[in-house]
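Contents: one structure, followed by commentary.
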Amino acid sequence: MSSRILLIEDEPGLVLTLSDLLAAEGYTVETAMDGPRGLEKAKSAPFDVIILDIMLPGKNGFDICREIRQEGLDVAILMLTAKTQVMDRVVGLKLGADDYLVKPFDSSELLARIEALLRRLRRENLTPVARFVFGNIQIDFEKGEITKDGAPLNLAGKELQLLRYMVDHRGKVLTREELLERVWEYQPSVTSRTVDVHIAWLRQKLEDNPQSPRYIHTVRGVGYKFTP
C-alpha cells in the first residue's frame, strides 16, 4: 500500500508540480489550497506525511500544525516556508513539525526529506500525547478530563493510567504481563485478572457496545490492542 501524503499549499503551480512529482514516485496524494480545508482533510482521513505551507489563506500553517498535534494525530509534518528567518523554523518545530524546507527547494531534496520521515515513522514508536480524540471520545490527559458525546466521563486513577498507556501504544498488541509491569508496576496484590477487569470497566465506559468493542480489542491468548 502506497504512503498517503496531504499537500496543503495555496500556489496552484506548485500544487500541480508537486502532485505530479509525488504521484510519479508512487505516493497517493491529496491536496488542499487553504488552511481550513487542509485542516479538515487532515482530521478526516489518515495520512503518513503532511506537506504544510506556513502562509495560507484562512488559517496559517502554524495554527494547523498546533491543532493536528492537539488532536493526537500520528502523521509526519513537513513545513514549507518562503521565509528564511530561523525563528519561523523554531516555531514550527516547537509546535510539532518534524522537519522544514525553505522555498525555493529542489525536488530531489523534498523527496529525500519525505523518505527520511517515512523511515523514521516505521522505525520509531508512537510518541505519547497530551490530548487524544477517537470516535465520540475526547481525552485531555494533562487535565484528567474525558468526555463522550460532550458529557464528562468519570474514570478511576488506574483506569486512566491504563487508557493512557494503551493510547500511547495504539495499534500495538499489549500483553497482560506488559500492562502489569508498566501500569501496576508489579504490585504484589495485582494479577492478570485485575488487568482483565479494568479492561472490562473501560469498555463499559468508552464503547458504544462493550460486547462488541470497536476500540479495545482482545488478542486471544496474548492481551489487548487499542485501535482508534
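The values are calculated or read from the model by the stated rules, or taken from the named source; none is laboratory data. Keep in mind it's a predicted model, so treat the numbers as computed, not measured. For neighbour counting, all protein chains shown are included, and Cβ atoms are generated from backbone atoms with ideal geometry for every residue, glycine included.
Residue 80 - would you say it is over 17 Å from residue 6 (Cβ atoms), surrounded by 14 or more Cβ atoms within 10 Å (Cβ to Cβ), at pLDDT 90 or above and not polar (S, T, N, Q)?
Details: over 17 Å from residue 6 (Cβ atoms): no; surrounded by 14 or more Cβ atoms within 10 Å (Cβ to Cβ): yes; at pLDDT 90 or above: yes; not polar (S, T, N, Q): yes.
Answer is no for this residue.
Every test in (1) more than 23 Å from residue 73 (Cα to Cα); (2) at pLDDT below 90; (3) not in a loop (DSSP other than H, G, I, E, B) is passed by residue 133 save one, and that test is (1). Within the stretch 36-77, the set of residues being among the small types (Gly, Ala, Ser), part of a helix (DSSP H, G or I) and surrounded by fewer than 18 Cβ atoms within 10 Å (Cβ to Cβ) comprises 44 only. Each residue in the stretch 136-166 was checked for being surrounded by 15 or more Cβ atoms within 10 Å (Cβ to Cβ) and at pLDDT below 85, and 1 pass.
To keep it simple, each residue is scored yes or no on (1) over 23 Å from residue 147 (Cα atoms); (2) free of Cβ contacts under 8 Å to residues at least 60 places away in the same chain; (3) surrounded by 17 or more Cβ atoms within 10 Å (Cβ to Cβ).
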| site | (1), (2), (3) |
| --- | --- |
| 168 | no, yes, yes |
| 172 | yes, yes, no |
| 176 | yes, yes, yes |
| 182 | yes, yes, no |
| 199 | no, yes, yes |
| 222 | yes, yes, no |
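Restricting the first residue to the stretch 98-110 and requiring it to be under 14 Å from residue 52 (Cβ atoms), which pairs with a second residue that is assigned to a strand (DSSP E or B) and of a type in the set (Gly, Ala, Ser) meet a Cβ separation below 6 Å and a spacing of at least six or different chains? Matching pairs, first to second residue: 98/76.
For the stretch 16-66, how many residues meet the condition of being on the phi > 0 side of the Ramachandran plot and either of a type outside the set (Gly, Ala, Ser) or without any contact (Cβ under 8 Å) to a residue 12 or more places away in the chain (or both)? Steps first, please.
Of all residues in the stretch 16-66, those on the phi > 0 side of the Ramachandran plot come to 26, 58.
Restricting the remaining residues to those that are either of a type outside the set (Gly, Ala, Ser) or without any contact (Cβ under 8 Å) to a residue 12 or more places away in the chain (or both) gives none.
So the answer is 0.
Taken over the stretch 83-117, the criterion of being assigned to a helix (DSSP H, G or I), within 24 Å of residue 167 (Cβ to Cβ) and at pLDDT 85 or above is satisfied by 117 alone.
Quick one: is residue 162 hydrophobic (A, V, I, L, M, F, W, C), under 20 Å from residue 72 (Cα atoms), out of contact with any strand residue (DSSP E or B) (no Cβ under 9 Å at 6 or more places or on another chain) and in a helix (DSSP H, G or I)? Talk me through it step by step, then tell me what you get.
Values: hydrophobic (A, V, I, L, M, F, W, C): yes; under 20 Å from residue 72 (Cα atoms): yes; out of contact with any strand residue (DSSP E or B) (no Cβ under 9 Å at 6 or more places or on another chain): yes; in a helix (DSSP H, G or I): yes.
Yes, satisfied.
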